[in-house]
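Undergrad: Starting off with a structure, shown below.
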Amino acid sequence: QVQLVESGGGLVQAGGSLRLSCAASRSIFRLNVMGWYRQAPGKQRELVASITVGGVTKYADSVKGRFTISRDNAKNTMYLQMNSLTPEDTAVYCCKGSEMYDYWGRGTQVTVSS
């Protein structure tokens, strides 16, 4: 089992940047795929970005060119660099790690003001 804890959320003005972190309680090397998801009020949860243990990344069309996902297996941490934020990016952001099971963090709030 692994516990995931997100940090780095907060309030930022439109056009600003935030860097989210997802720290794991043990090695993430066996988490074949890790990802960031978000859920805005009244909306379904959506995949923002994912990354494999080998570093292959995927992004939602809405964040391509603005967000960058990365992982540091040595530090047991995954990151999401978010630039050029807009109010539409406001949501609770959660990280997930997958091996035999899926593990979820509790989330961190990101609020972008106009």
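Undergrad: Tally time: how many residues in region 74-101 are modelled with pLDDT of 95 or more, among the aliphatic types (A, V, I, L, M), more than 13 Å from residue 8 (Cβ to Cβ) and assigned to a loop (DSSP other than H, G, I, E, B)?
TA: Selection size over region 74-101: 0.
Undergrad: Pairs under 8 Å by beta carbon, first residue over 16 Å from residue 47 (Cβ atoms) in region 94-107, partner in a strand (DSSP E or B), six or more apart or different chains?
TA: 106/5; 106/6; 106/94
Undergrad: Failed condition for residue 39, given (1) open to solvent by less than 50 Å² (accessible area, probe 1.4 Å); (2) in contact with a strand residue (DSSP E or B) (Cβ under 6 Å, 6 or more places away or on another chain), with all others met?
TA: (1)
Undergrad: Which residues, counting only those in region 60-114, are acidic (Asp, Glu), out of contact with any strand residue (DSSP E or B) (no Cβ under 7 Å at 6 or more places or on another chain) and surrounded by 14 or more Cβ atoms within 10 Å (Cβ to Cβ)? It would help to see each step written out before you state the result.
TA: Of all residues in region 60-114, those acidic (Asp, Glu) come to 61, 72, 88-89, 99, 102.
Within this subset, residues satisfying the condition of being out of contact with any strand residue (DSSP E or B) (no Cβ under 7 Å at 6 or more places or on another chain) are 61, 72, 88, 99.
Correct list: 99 only.
Okay, residues lined up against (1) of a type in the set (A, V, I, L, M, F, W, C); (2) within 14 Å of residue 18 (Cβ to Cβ):
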{"site": "47", "(1), (2)": "yes, no"}
{"site": "54", "(1), (2)": "no, no"}
{"site": "58", "(1), (2)": "no, no"}
{"site": "68", "(1), (2)": "no, yes"}
{"site": "75", "(1), (2)": "no, no"}
{"site": "78", "(1), (2)": "yes, no"}
{"site": "96", "(1), (2)": "no, no"}
{"site": "100", "(1), (2)": "yes, no"}
{"site": "104", "(1), (2)": "yes, no"}
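Undergrad: Okay, next question. Look through region 1-55, keep the residues that are part of a loop (DSSP other than H, G, I, E, B) and touching a helix residue (DSSP H, G or I) at 6+ places or on another chain (Cβ under 9 Å), and return whichever of them is nearest to residue 100 (Cα to Cα).
TA: Filtering region 1-55 for residues that are part of a loop (DSSP other than H, G, I, E, B) and touching a helix residue (DSSP H, G or I) at 6+ places or on another chain (Cβ under 9 Å), the one nearest to residue 100 (Cα to Cα) comes out as 40.
Undergrad: Quick check on this structure: which one of 86, 68 is more than 11 Å from the chain's Cα centre (by Cα) and among the β-branched types (Val, Ile, Thr)?
TA: 86
Undergrad: Show the residue pairs meeting these rules: Cβ distance below 7 Å; 6+ apart or different chains; first residue within region 37-58 and more than 22 Å from residue 71 (Cα to Cα); second residue at pLDDT 95 or above and in a loop (DSSP other than H, G, I, E, B).
TA: Listed by first residue and then by second, the contacts come to 40/90.
Undergrad: Can you tell me which residue in region 1-33 is farthest from residue 55 (Cα to Cα), limited to those that are open to solvent by 60 Å² or more (accessible area, probe 1.4 Å) and touching an Asp or Glu at 6+ places or on another chain (Cβ under 8 Å)?
TA: 30
Undergrad: Any residue at all in region 55-62 that is within 19 Å of residue 9 (Cβ to Cβ), at pLDDT 95 or above and of a type in the set (Asp, Glu)?
TA: no
The values are calculated or read from the model by the stated rules, or taken from the named source; none is laboratory data. Quick caveat: nothing in here was measured; it's all calculated off a predicted structure. Counting neighbours? That spans all protein chains shown, and the Cβs are built from the backbone with ideal geometry, glycine included. Note: accessible area is taken over every heavy atom of the protein model, side chains too, but ligands, DNA and RNA are not part of it. Shrake-Rupley method; radii C 1.70, N 1.55, O 1.52, S 1.80 Å.
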